[in-house]
Amino acid sequence: MIVAFIYFVLVSVSILLTVQSAHVLYLMLYTWDRADAERRARAPESFLPPHLSFSVLLPARHEEDVIQSTIERVVRADYPSELLEVFVICSEDDTGTVEKAEEKIEELGREGLHNVRVVVFGDKPINKPHGLNAALPHTTKDVVTIFDAEDDIHPKIFSLVNTVMVQEQVRVVQAGVQLMNYQSNWYSTLNVLEYFFWFKSRLHYHAHYGSIPLGGNTVFFARELLMRLGGWDDRNLTEDADMGLRISAMGEKVRVVYDDRYVTKEETPPTLGHFIRQRTRWSQGFMQTLKKGTWKEMPTRKQRWLAFYVLAFPRGQALLGLYLPLSLGMILILKVPVLIALFSYLPVLLLAAHFLVQVVGLYEFTGAHGLEASPKAVVRMAIAWFPFQMVLAYAALRAMRRQMLGRHDWEKTQHVGAHRAPTEEAESRVG
């Protein structure tokens, strides 16, 4: 009886994880599989004259190494400076970042550019959404956008969004973000490809069905919409996903634009510890948002199901991490009926399919950005594949533990500018 129950649980979990993995694979290939989806994702081929103005929020904490380059890129964007204002957001204890930002502001002032200022907040919590809320009342332009402190934005990004918002009469635009340093360490390639498939394909599916967890930067909001919503939830560790679902619940259309030419470039976390803390924060933030229940306010069952599915995904990762070693162990060690063994191996086969799709994605990503993939890179991916899944599962389990303990402090991810050319960074620091 007990053995039969174990077999039943094993088969049930195998089927559940197989269906879930197959659906993720479908989402990864959504814009490749459907011509209409790919067409909707495109950036305009030509841009309208500047019409909208932009308030740029740059939340930063201990970003002394990268903040000056980021300010430089935003201010030098190919858009009229009088239609841009930039706010560097820091907590009062982060004197290093404040000093670096003020140095850059003084330098720009000598050139006649006076559209950058620092907003310092002294109350808690010390995290990104609270900083965004502190800066929001200071904004005066039509559109509010967020970039992270290490972001390399494309000079044409404001022209692109100006065109989309004016032509299509939308009030929220999510543009593409791409990690770049795919060879920095053993997990970088897989982390880079996560972003590639998320922004190039998966988000378009969510936008199409009106249930979208927005990204944390390169997202553009009509200011009046943000003010009506009262800003961000500063207790939420994934305030971006929460904001996207709140907007979706209002019935607001979100336009997702992905074009390899115009992506915002970022870096993978520099160490495994930083990667785990970042992924823990994301997983816990999804758990918070699931518990908060905004997704229940969406008008259709399809939207509610899709939001629930995304927010519950970290728990699925935790389950998969526990299941894979058990499944492999049972296949290799225990004598179980052949049919049971085959069922238990189905999720592993789906993971193999995921890997093959990611290999194709690697060659497409590198080709789009003038980089070069190699068989050696594919071998490194294969070696890292299983450990990477275990790391994701560990981060999800860690998030569950933090959630149960009531710990919601913001675990900072370090940025070192690994996505930027060394000579370029050196010149920026000298400047």
(request) Search the stretch 9-34 for residues being of a type in the set (Ser, Thr, Tyr) and closer than 23 Å to residue 211 by Cα, and hand back the single one that is surrounded by the most Cβ atoms within 10 Å (Cβ to Cβ). (result) 31
(request) Would you be able to say whether some residue in the stretch 61-83 is of a type in the set (D, E, K, R) and assigned to a strand (DSSP E or B)? (result) no
(request) Find the residue count for the stretch 218-232, including only residues that are under 10 Å from residue 144 (Cα atoms) and loosely packed, with under 15 Cβ neighbours inside 10 Å. (result) 1
(message) Condition first: farther than 17 Å from residue 29 by Cβ, surrounded by fewer than 18 Cβ atoms within 10 Å (Cβ to Cβ) and free of Cβ contacts under 8 Å to residues at least 12 places away in the same chain. Now tell me which residues in the stretch 350-382 satisfy that.
(response) 367, 370, 372, 374, 375, 376, 379
(request) Would you mind stating whether residue 267 is modelled with pLDDT under 95 and buried (at least 18 other Cβ atoms within 10 Å of the Cβ)? (result) yes
(request) Of all residues in the stretch 246-266, count the ones that are closer than 18 Å to residue 172 by Cβ and among the charged types (D, E, K, R). (result) 5
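Residue-wise test of (1) touching a residue at least 60 places away in the same chain (Cβ under 8 Å); (2) among the polar types (S, T, N, Q); (3) in a helix (DSSP H, G or I); (4) out of contact with any helix residue (DSSP H, G or I) (no Cβ under 8 Å at 6 or more places or on another chain).
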site	(1), (2), (3), (4)
202	yes, no, yes, no
233	yes, no, no, no
242	no, no, yes, no
248	no, yes, yes, no
(message) The conditions are (1) at pLDDT below 80; (2) closer than 17 Å to residue 187 by Cα, and residue 386 fails exactly one of them. Which is it?
(response) (1)
(message) Within the stretch 250-264, take every residue that is in a loop (DSSP other than H, G, I, E, B) and within 15 Å of the chain's Cα centre (by Cα) and give me the one that is surrounded by the most Cβ atoms within 10 Å (Cβ to Cβ).
(response) 263
(request) Would you check if there is a residue in the stretch 127-140 being in contact with a His (Cβ under 7 Å, 6 or more places away or on another chain) and not acidic (Asp, Glu)? (result) no
(request) Working only within the stretch 33-53, note down all residues that are modelled with pLDDT under 90 and among the hydrophobic types (A, V, I, L, M, F, W, C). (result) 35, 37, 41
(message) If I filter the stretch 91-112 for residues that are part of a loop (DSSP other than H, G, I, E, B), touching an Asp or Glu at 6+ places or on another chain (Cβ under 9 Å), of a type outside the set (Asp, Glu) and more than 30 Å from residue 236 (Cβ to Cβ), do I get at least one hit?
(response) no
(request) Go through (1) under 21 Å from the mean Cα position of the chain (by Cα); (2) closer than 15 Å to residue 153 by Cβ; (3) surrounded by 22 or more Cβ atoms within 10 Å (Cβ to Cβ) and name the single condition residue 54 misses. (result) (1)
(request) Run residue 19 past the list (1) more than 30 Å from residue 124 (Cα to Cα); (2) touching a residue at least 40 places away in the same chain (Cβ under 8 Å); (3) of a type in the set (Val, Ile, Thr) and report the number of the one that doesn't hold. (result) (2)
(request) Determine which single condition residue 409 fails, assuming it passes every other condition in (1) modelled with pLDDT of 90 or more; (2) exposed (fewer than 14 other Cβ atoms within 10 Å of the Cβ); (3) closer than 18 Å to residue 276 by Cα; (4) not small (Gly, Ala, Ser). (result) (1)
(message) Against the conditions (1) of a type in the set (Phe, Trp, Tyr); (2) under 22 Å from residue 284 (Cβ atoms); (3) in contact with a Lys or Arg (Cβ under 8 Å, 6 or more places away or on another chain), where does residue 221 fall short? Just the number, please.
(response) (2)
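The values are calculated or read from the model by the stated rules, or taken from the named source; none is laboratory data. Please read all numbers here as calculations on a predicted model, not as lab measurements. Every residue, glycine among them, receives a Cβ derived from its backbone with ideal geometry; neighbour counts consider all protein chains shown.
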